[in-house]
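Trainee: Mind having a look at this structure? Questions to follow.
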Amino acid sequence: MPSRLRPLAPALLAGLSALCAAQFAHAADQVKIGLLSTLSGPGAALGVDTRDGFNLAVKQNNGMLGGIKAEVIVVDDQQNPDAAKQTTDRLLKRDKVDFMTGVVFSNIMLAVAPPVFANKTYYISSNAGPSQLAGAQCNPYFFSASYQNDNLHEAVGQTVQDRGFKKVALLAPNYPAGKDALAGFKRFYKGEVVLETYTPLQQLDYGAELSQMRASGADAVYIFLPGGLGVNFIKQFNGAGLGQDMTLFGPGFSADEDVISAVGEPMVGMFNSSLWAHDLDNAANKRFVADFQKEYGRLPTLYAAQGYDAAQLIGSAVQAVGGDMKDKEAIGKALQAAQFDSVRGPFTFNTNHYPIQNYYLREVVKGADGKVTNKLIGTVFENHADAYVGECKM
């Protein structure tokens with residue numbers, strides 16, 4: 001005979017109701033994200049792609065992250081540390097955001113990090129990965145959904161070493177990420193560095209530097225020049241005829257789709273490193289690339305991919321804590337777990353909250369359709385960690 005269900009005792013029923021009510025009481029009706037990025041000046045394209053990648057993830061989830069409504073407050077940092085700090089203060093105190101993200105440049109990141117951490121707000125980096133926050137200044141409220149600044153440059157240093165180039169000229173902007181960039185390259189390149197130049201962050205004319213490169217005897221040139229800086233340099237490099245005698249290398253951001261669309265065919269043959277590629281073969285990436293092209297009418301860049309993953313990481317944490325934005329410890333554990341499908345494929349967080357992941361080599365090619373774009377050609381590092389984690393005391 002079928003068993004007969006007994007009604008719950010009134011006291012037990014009241015207890016369960018109270019528990020459910022308490023759970024719902026802790027769940028927020030929305031998650032607020034402050035997306036502070038560079039949306040004006042020479043670096044604007046980088047911030048725009050970051051914003052567009054993040055917003056695409058929200059749109060794919062019907063305006064939600066982690067099952068609750070997502071309010072994304074987008075603000076321009078003007079590529080100015082003082083302006084960024086003022087805006088950060090407003091996002092934290094007036095808007096009371098639950099997470100922050102979006103910063104492109106490391107000098108901006110180092111300026112806004114202290115007030116964010118003091119407020120016990122989680123910062124999910126969609127790009128900037130300064131060595132300071134990977135090492136001695138690591139913080140439980142910082143997670144990088146991108147890389148540590150040195151990593152992409154380390155991959156190119158290894159590539160240039162493996163390909164047998166004997167003399168290299170190096171060029172980067174004079175700010176924290178520029179210093180990290182060339183330090184990373186030299187960590188794995190063991191040949192002769194015949195020229196190492198740091199230029200002002202806003203510099204767009206490289207005539208003097210090109211003359212020095214021509215005289216240096218270098219057989220390869222490595223640049224870290226994001227956004228409009230890279231566009232101008234590569235045009236001037238090829239215009240001066242240096243491409244006939246020197247092979248040009250860069251990290252992904254100096255040879256990404258935004259740079260290719262501005263420079264065109266002279267980019268063909270340039271090698272660059274990345275933790276991601278638009279032709280990387282996994283389901284999450286295929287969906288991301290197709291939806292990004294449909295939404296914005298262009299191929300995504302690494303900045304867009306990282307913005308997208310930053311949103312997915314936040315969503316995974318919100319989902320894991322049932323929308324309870326007050327449980328900071330649980331949010332931190334959920335972020336560390338990184339339970340989402342990344343467009344880069346599998347990765348894990350190290351103890352300093354920077355990724356352990358693969359780094360790839362891409363080459364700018366001209367396809368059969370005449371289109372100039374990046375092509376994934378190999379893996380440089382597998383499960384690669386940053387060089388500073390040993391200095392982190394977390």
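Trainee: In Å and from the alpha-carbon atoms only, list the Rg and Dmax of the chain.
Mentor: Gyration radius and largest Cα-Cα distance of the chain: 22.9, 95 Å.
Trainee: Dipole size in debye (nearest 20) for the stretch 240-320 around its Cα centre, Lys and Arg Cβ +1, Asp and Glu Cβ -1? It would help to have the intermediate numbers written out before the result.
Mentor: Working: 4 positive and 10 negative charges, 48 e Å.
Around 220 debye, computed over the stretch 240-320.
Trainee: Then there's this: Grab the Cα-Cα distance for A118 and K371, subtract it from 0.36 nm times how many residues apart they are, and report the gain in nm with one decimal.
Mentor: Values: separation 253, 0.36 × 253 = 91.08 nm, distance 4.79 nm.
Extra length from A118 to K371 when fully extended: 86.3 nm.
Trainee: Can you tell me the length gained on complete extension of the stretch Q336 to K167, counting 0.36 nm per residue apart and subtracting the Cα distance?
Mentor: Numbers: separation 169, 0.36 × 169 = 60.84 nm, distance 4.12 nm.
The Q336-K167 span can extend by a further 56.7 nm.
Trainee: Treat each spin label as a single point 7 Å out from the Cα along the C-beta direction, and report the A136 to K328 distance in nm.
Mentor: Result for the modelled spin labels: 2.4 nm.
Trainee: Where the accessible area of the chain is counted over protein heavy atoms with a 1.4 Å probe, how much of it, in %, is carbon and sulfur?
Mentor: Numbers: 8380 of 16220 Å².
Whole-percent figure for carbon plus sulfur exposure: 52.
Trainee: Around F54, with a cut-off of 14 angstrom between Cβ atoms, what is the net charge of the other residues, counting Lys and Arg +1 and Asp and Glu -1? Walk me through the numbers on the way to the answer.
Mentor: Details: positive: K32, R51, K59; negative: D49, D52, E71, D291, E295, D309.
Residues near F54 contribute -3 overall.
Trainee: Oh, and also: At a Cα cut-off below 21 Å, give the lysines reachable from K85, other chains included and same-chain residues fewer than 8 away excluded.
Mentor: K32, K93, K96, K120
Trainee: Then there is this: Quick one: if you stick a label point 7 Å off each Cα along the C-beta vector at V193 and K96, how many nm between them?
Mentor: Label at V193, label at K96, 4.9 nm between them.
Trainee: Using 20 Å as the cut-off for backbone N distance, which residues of the stretch 279-306 belong to the label zone defined by a point 7 Å from the Cα of V74 along Cα→Cβ?
Mentor: 288-306
Trainee: What accessible area per residue comes out for the chain, rounded to a whole number of Å², with a 1.4 Å probe?
Mentor: Working: 16220 Å² over 394 residues.
Averaged over the residues of the chain, the accessible area is 41 Å².
Trainee: Can you tell me which lysines have their Cα less than 23 Å from the Cα of K286? Leave out same-chain residues fewer than eight positions away.
Mentor: Once the sequence-local lysines are set aside, what remains near K286 is K59, K294, K366, K371, K375.
The values are calculated or read from the model by the stated rules, or taken from the named source; none is laboratory data. Everything numeric here is computed off the predicted structure, so don't read it as measured data. All Cβ positions, even for glycine, are placed from backbone atoms using ideal geometry, and neighbour counts span all protein chains on display. Only protein heavy atoms, including side chains, enter the accessible area calculation; ligands, DNA and RNA are left aside. Shrake-Rupley method; radii C 1.70, N 1.55, O 1.52, S 1.80 Å.
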